[in-house]
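First up is the structure itself, then whatever we jot down about it.
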Amino acid sequence: MTRKLFLYIEPEKSSSSALFFQLVEGESVIDQGLLSVDELNRRIESVEDCVTTVVVPGEWVSSLLVTPPKGSQRHLKQAIPYLLEDELASALETLHIATSRQRPDGQILCAIIDQALLEQQLLLLNEIGIKPSVLIPDYWAMAGDTEQSRVALKAQRLLICNPDSTGLAISRESDESSQSLFLPEIYTQGSSPEIPEWQAQTSYSIPLNLLQGKFAPDNKNQVGVWLKPLVIAACASLIFLMTYWLGAGIYFKNNAENLGVSAEKQYRTLFPNDKRLTNIRRQMEAHLKNNGANQHESLFFEFMSVLATSMSKQAEPATIKHIRFEQDSSSLQIELQAQSIAYANTLQTAVEASGLSADVLSANINDGGALTRLKIKTRDR
């Protein structure tokens, strides 16, 4: 179970001095106290393995709400500092501004802290092996009803957290009239407010994490770092494969239809008296038998089988223009329209690999690519 470490920094102190800490496992506080940073490192084993939340004084952090103009959200992050400029006493370049997501009412919560101060605290913590995962002001560490303002007294300081998550810390020693500006429901004429003492909380809702941008912590869950790109890559590969097989199916279906049309055209050229065409192969066999060419029947279909197989193995498509089977020489001449002139040699190699002999009679460039003539025969002829 992951342990959570909470470190609380006081206004007059820094992370280089003693810190109040709480070590939480599950929902239980298993250790707490006020220790120097050296003692803290010795007392808590494997500090770097804890999920660490640093709670800084509310005086260091200003929290404001802004309502960005309607329209494109593309450059919203860059526009927010300029929307806050009139509310801030320091130059924008000296400040670190963390933001929440835009709320349903259109407002965005912003937390502002001096950039040099934040860098100094993180550097001191890093020197003792502590890398915070979360950093918040102490007025956000108050549990209570989120529908009304929460107020607590902490070492002569008033911590105030409003329902909209804006808050502040003010000195208890300031005059009562200035405090009544912030606590109108608590301060009434002639009465003294009873404000509860602030208690360190380990369970509360964090409006936003100040560690954003260049201060964002390293993601300890490395699985999440590579899992998302992996899922995206897997989905992209699946879509690619589905598209490829769909395209291949359409391509081969069209080729089959084209070959069927070509075969029918060639058959009608050879046998123009046949008006009805139902099965080209069977009708061709019948004609061969009737012509006394039974001895050449198996050879013709062997040539065609080898040709079809060899063409299916080619990287580029080709269309058969003409087929001529020469009974006397027991050879098959074909004319094909291909995309490149190299198709003739690759088809020749594929046919010869099946045990037949193949000769390239011609290969000429034309408007459609390359017109190839090939002669197939048995090797013993």
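Only the coordinates and a few stated rules stand behind these numbers; no lab work does. All values reported here derive from a predicted model rather than from experimental measurement. As a convention, Cβ positions derive from the backbone with ideal geometry for all residues, glycine included, and neighbour counts pool all protein chains shown.
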- Query: Per residue of the chain, what 222 nm ellipticity follows from adding -39500 (n - 2.57) for every DSSP H run with n ≥ 4, rounded to the nearest 500?
  - Reply: -11000 deg cm²/dmol
- Query: In whole Hz, what ³J(HN,Hα) sequence does segment 62-67 give by Karplus (6.51, -1.76, 1.60; θ = phi - 60°), x for Gly and Pro?
  - Reply: 9, 10, 9, 10, 10, 10
- Query: Given the pairs K275/K321; K313/K377; K70/K214; K275/K377; K253/K313; K275/K375, which span a C-alpha to C-alpha distance of over 24 angstrom in this model?
  - Reply: K70/K214; K275/K377; K275/K375
- For the chain, just the Cα atoms, rotate onto the principal axes and tell me the three extents in Å, largest first. 127, 50, 37
- Note on the structure: FRET efficiency for F240 and A315 from the Cβ-Cβ distance with R0 = 25 Å, rounded to 0.05, comes out at 0.85
- Task: Could I have the simple spin-label model distance between E326 and K70, label points 7 Å from Cα toward Cβ, reported in nm to one decimal?
- Result: 8.3
- With springs only between Cα atoms under 10 Å, which of A315, A18, A200 fluctuates most in a Gaussian network model of the chain? A315
- Note on the structure: Largest fluctuation, P104, P132, P68 only, Gaussian network model of the chain with Cα springs under 10 angstrom, belongs to P104
- Note on the structure: The size of the Cβ-based charge dipole (Lys, Arg +1; Asp, Glu -1) of the chain about the Cα centre, to the nearest 20 debye, is 3240
- Message: Testing the spin-label approximation: label points 7 Å from Cα along Cα→Cβ at N364 and E59. State their distance in nm.
- Response: 9.7
